[in-house]
Amino acid sequence: MDESRFYGPYNALLNYLFPIKDRFMVVPQWKRPEQSKATDFTTIFVVSHDEHPVFFLEVKASNHIQHASNRQAADQQMRERYYDLFDQAKINVLYRLSAIGTKLCFYTWERETT
């Protein structure tokens with residue numbers, strides 16, 4: 001099953017939850033994992049406030065949940081995105097959502113405070 005069928009509904013939901021009138025911007029991005037030489041491109045939706053990321057969502061096809069190796073690869077890709085986005089964030093916690101079809105997993109990454 002192709003994950004692109006979920007892009008519209010997730011994009012609409014994110015734009016509803018993070019409205020542009022409140023200075024949020026939802027931007028889809030396509031990236032290939034750094035660790036992989038395969039063409040496993042991933043779509044993530046990055047939600048920014050005043051040009052700084054506050055939340056991001058990765059969308060994978062429903063059939064990714066059937067195999068542990070697919071779930072592990074999706075987790076690794078999300079960790080790479082955290083590294084890409086965390087330094088740009090101005091908040092102490094960066095939130096992410098991993099969607100495999102309609103199954104959701106929520107994550108946070110907290111900045112170390114001293």
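The values are calculated or read from the model by the stated rules, or taken from the named source; none is laboratory data. Please read all numbers here as calculations on a predicted model, not as lab measurements. Heads up, the Cβs are rebuilt from the backbone with ideal geometry, glycines too, and the neighbour counts pull from every protein chain shown. Please note that ligands, DNA and RNA were not included when accessible areas were found on the heavy atoms of the full protein model with its side chains. Shrake-Rupley method; radii C 1.70, N 1.55, O 1.52, S 1.80 Å.
The number of Lys pairs in the chain with C-alpha atoms less than 23 Å apart, excluding pairs fewer than 8 positions apart on the same chain, is 6. For the pair ASP50 and GLU112, label points projected 7 Å from Cα toward Cβ lie 2.7 nm apart. Here the label points at ASP22 and HIS67, each 7 Å from Cα along the C-beta direction, are separated by 3.9 nm in the simple model.
Dividing the convex hull volume of the alpha carbon atoms of the chain by its residue count gives 108 Å³ per residue. Solvent-accessible area of TRP109, all protein chains in place: 70 Å² (probe radius 1.4 Å, heavy atoms, ligands and nucleic acids excluded).
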